[in-house]
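Before any comments, here is the structure.
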Amino acid sequence: MKNFKTKLTSLILAVAATCAMTACGDGGNTSTPAQSNNSESVNPEKLQLYVVNYNGGYGSSWLNAVKEEYEELHKNTKYGDKTGIQIQIKTDRPSMEAGIIKSGESEIYFVEHVPYLPYVSDDVMADISDIVTGVNPYDNKTLESKLSDQQKAAWKTDDGKYYALPHYSGTYGLIYDMDLFEERNLYFRAKENVPATITDLKDYFVTSKTDKKSLGPDGKTGKVGNIDYSADDGLPATYDEFFTLCERMSVLNIIPVDWSGQYRNQHVTSFLSTLAADYEGLEQTLLQLNFDGSAKDLGKIVNGDFVKDESATKITDTNGYELFRQEGIYESLKFFGRLLGNNKYYNTSYAFSESDSNLDAQDRFLMSKDEGKRIGMLIDGDWWSMEASETIRELEAGDRKFGWMPLPKATEEKAAEGNKNVLYDRHSAMSFIKSTIAPEKLAAAKDFLQFVDSDRMLVKFTQETNTFKGFNYTLSDDEYDSLSAFGQSLYNVRQNSDVIYLASKNKVYANNQSMFQLDGLYKSMKAGTTSYDDTPLNAFKSATDAKKEFSVESYFSGIYEYFKANWPNK
């Protein structure tokens, strides 16, 4: 490990130098490897479009491929007195200040954490309604038809206009080592094959690759259309099964779960937010963005137990803090308490290390096959393999198999409901054209966005990154087969999921968007004080350092108290 880390030192330093918005300081989504700005000389005979792409965890190879094909396609296209087009790409960290965007050289932006409504109000983005609602010449569909109802509700302004399109889409969750699961028989066996009397943990698990597996979290098997229900067979269906798996791994001298200590708060807290959303479902989770509807799962702690309200609560802009009593938040904290409550279940050596980057954690996960204790699962973003691509190449590990684990359900009753998964997209990533682009370039810029988001280019993005753009699209069998094992498993989960985007036209949400980022949803007022813990992990560490017990119930009650005390009035 030490020799390999020495080889990676220059890479890590280069990546660190390009950290931006989500990168490093806001989630550990660093570039892979650092890619330089386009140094292509300007051809005065051609039209130039200046594009900036935030070179975070997804890199820019996908955009370079788009550039090459688009320029070839339009090499004879007339643009006034010019013939052909040049896409000039920058990958450095762009300023997100409205004035700098409007006065700068870059004309088309592919960036994340976009404050959509404030940008609309400040006239930062050009009106692109015509290309969103009109037929795209590159696939004969409308871009609007590829948006979810939530996206359309959030991004279509009151006067019926669009100013941006989705960019990449990513979520935090569990990556698991498929090879390890197969080698050590870590898949649950079909329930009918589990012995009536359990004498050992291994009785819950298959004994060979040919054993019939359990149905997994979705409770189904086989393939229906573009959804492969067999992909999650044998994986933990409930929280109880997840921790049975952790216990089995610890017996086998495997570290069940690892994460980046430096970015623990972003990664783990955002993961808990997704667990809570998956528990609540699409409708109830969207209340946290729109603050308009009936909250059905609220409760409070009574004598140490969660007691659900007898009736639903009407949610408005003025009492949105009530949503921080949702049962899903409590259940996610119970999951957290069980995970951290047993030091055999996670990597205690790095869990709170401020110097342990996301690249370090990915490196450790990959290298554990050959050095140190094997690691079963990693909490990270679904873009992790792009970040770790240099390590994968160094190890010649391209044939290793990893998977995206669908979230287990809190209880057997929840699993039996058979609902779609709910995933939180954590990026607010968008593409847009700046409002001050030269009028003679606007049509070309719009055409370029149509090309980028045509069906074929969306698929190419997925093939290049093994991740997804924030549109609804499907892959053919051949296209699916071209993905890595990880890309295929992520595709299977997303096809059976509702994705929630951090976007809303609600003024409380839009004007206070930083308050509602995924890693900020678990701030908790300390009992009897005006101070608060910013994340469960930090609170757990403080309690442990003080030789005190971390209380899930107290922390849950404190979340409600924090948001009630700090609720914005506009």
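The values are calculated or read from the model by the stated rules, or taken from the named source; none is laboratory data. Just so you know, these numbers come straight off a predicted model, no measurement behind them. All Cβ positions, glycine included, derive from the backbone under ideal geometry; neighbour counts span all protein chains shown. With ligands, DNA and RNA removed, areas are computed over all heavy atoms of the protein, side chains included. Shrake-Rupley method; radii C 1.70, N 1.55, O 1.52, S 1.80 Å.
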Check on A415, of a type outside the set (D, E), on the phi < 0 side of the Ramachandran plot and either in contact with a Pro (Cβ under 7 Å, 6 or more places away or on another chain) or buried (at least 23 other Cβ atoms within 10 Å of the Cβ) (or both): yes
When every residue in the range 535-570 that is part of a helix (DSSP H, G or I) and of a type in the set (K, R) is compared, the one nearest to the chain's Cα centre (by Cα) is K541
Aliphatic (A, V, I, L, M) and touching a residue at least 40 places away in the same chain (Cβ under 8 Å) - does that describe any residue in the range 486-494? yes
For the condition buried (at least 22 other Cβ atoms within 10 Å of the Cβ), at negative phi and in contact (Cβ under 8 Å) with a residue 60 or more places away in the chain, what is the one hit in Y119, Y138, Y109? Y109
Is there a residue in the range 254-270 that is within 16 Å of Y560 (Cβ to Cβ) and at pLDDT 95 or above? no
State all residues of the range 278-301 that are outside any helix (DSSP H, G or I) and open to solvent by 60 Å² or more (accessible area, probe 1.4 Å); if no residue qualifies, say none. D292, K296, K300
Does K202 qualify as being surrounded by fewer than 20 Cβ atoms within 10 Å (Cβ to Cβ), touching a strand residue (DSSP E or B) at 6+ places or on another chain (Cβ under 9 Å) and charged (D, E, K, R)? no
For E69, the lone unmet condition from (1) modelled with pLDDT under 95; (2) assigned to a helix (DSSP H, G or I) is (1)
T244 vs. criteria among the polar types (S, T, N, Q), part of a loop (DSSP other than H, G, I, E, B) and surrounded by fewer than 21 Cβ atoms within 10 Å (Cβ to Cβ): no
Considering only the range 350-366, state which residues are surrounded by fewer than 19 Cβ atoms within 10 Å (Cβ to Cβ) and touching a helix residue (DSSP H, G or I) at 6+ places or on another chain (Cβ under 7 Å). F352
How many residues are in contact with a strand residue (DSSP E or B) (Cβ under 9 Å, 6 or more places away or on another chain) and under 16 Å from A410 (Cβ atoms) if we restrict to the range 205-241? 9
Among the residues that make up the range 173-192, is at least one of them among the hydroxyl-bearing types (S, T, Y) and either farther than 26 Å from F365 by Cβ or open to solvent by 30 Å² or more (accessible area, probe 1.4 Å) (or both)? no
May I ask you to list the residues in the range 72-102 that are modelled with pLDDT of 95 or more, of a type in the set (S, T, Y) and farther than 18 Å from S41 by Cβ? T77, Y79
Could you list, ordered by first residue, the pairs with Cβ atoms under 8 Å in which the first is in the range 458-480 and free of Cβ contacts under 8 Å to residues at least 12 places away in the same chain and the second is open to solvent by less than 50 Å² (accessible area, probe 1.4 Å) and of a type outside the set (D, E), at least 6 apart or interchain? Y480/Q488; Y480/Y491
Being within 26 Å of N511 (Cα to Cα) and basic (K, R) narrows it down to one residue among K46, K67, K102, K82; which is it? K102
Of L186, L174, the only residue that is assigned to a loop (DSSP other than H, G, I, E, B) and of a type in the set (A, V, I, L, M, F, W, C) is L186
List the pairs whose first member sits in the range 542-570 and is under 22 Å from V508 (Cβ atoms), whose second member is open to solvent by 50 Å² or more (accessible area, probe 1.4 Å) and part of a helix (DSSP H, G or I), and whose Cβ atoms are under 8 Å apart, counting only residues at least 6 apart or on separate chains? P568/N511; K570/K507; K570/N511
List pairs: first residue in the range 308-323 and hydroxyl-bearing (S, T, Y), second residue not in a loop (DSSP other than H, G, I, E, B) anywhere in the structure, Cβ distance under 6 angstrom, at least six positions apart or on different chains. T313/A295; T313/L298; T313/E322; Y321/F563; Y321/K564
Residues of the range 220-241 being out of contact with any helix residue (DSSP H, G or I) (no Cβ under 6 Å at 6 or more places or on another chain), part of a loop (DSSP other than H, G, I, E, B) and either among the hydrophobic types (A, V, I, L, M, F, W, C) or open to solvent by 10 Å² or more (accessible area, probe 1.4 Å) (or both), which ones? G225, D233, L235
Six or more apart or on different chains, Cβ atoms under 9 Å: show the pairs whose first residue is in the range 249-266 and within 23 Å of E183 (Cα to Cα) and without any contact (Cβ under 8 Å) to a residue 24 or more places away in the chain and whose second is in a loop (DSSP other than H, G, I, E, B) and open to solvent by 30 Å² or more (accessible area, probe 1.4 Å). none
Just to be sure before I move on: is V132 open to solvent by less than 20 Å² (accessible area, probe 1.4 Å), on the phi < 0 side of the Ramachandran plot and in a helix (DSSP H, G or I) in the structure I sent? yes
Options V51, V15: the member that is surrounded by 20 or more Cβ atoms within 10 Å (Cβ to Cβ), at pLDDT below 95, of a type outside the set (S, T, N, Q) and outside any loop (DSSP other than H, G, I, E, B): V15
Condition test on V120, is it in a helix (DSSP H, G or I) and in contact with a helix residue (DSSP H, G or I) (Cβ under 8 Å, 6 or more places away or on another chain)? no
Filter the range 247-277 for residues that are open to solvent by less than 10 Å² (accessible area, probe 1.4 Å) and part of a loop (DSSP other than H, G, I, E, B) and give the result. I254, W259, S260, G261
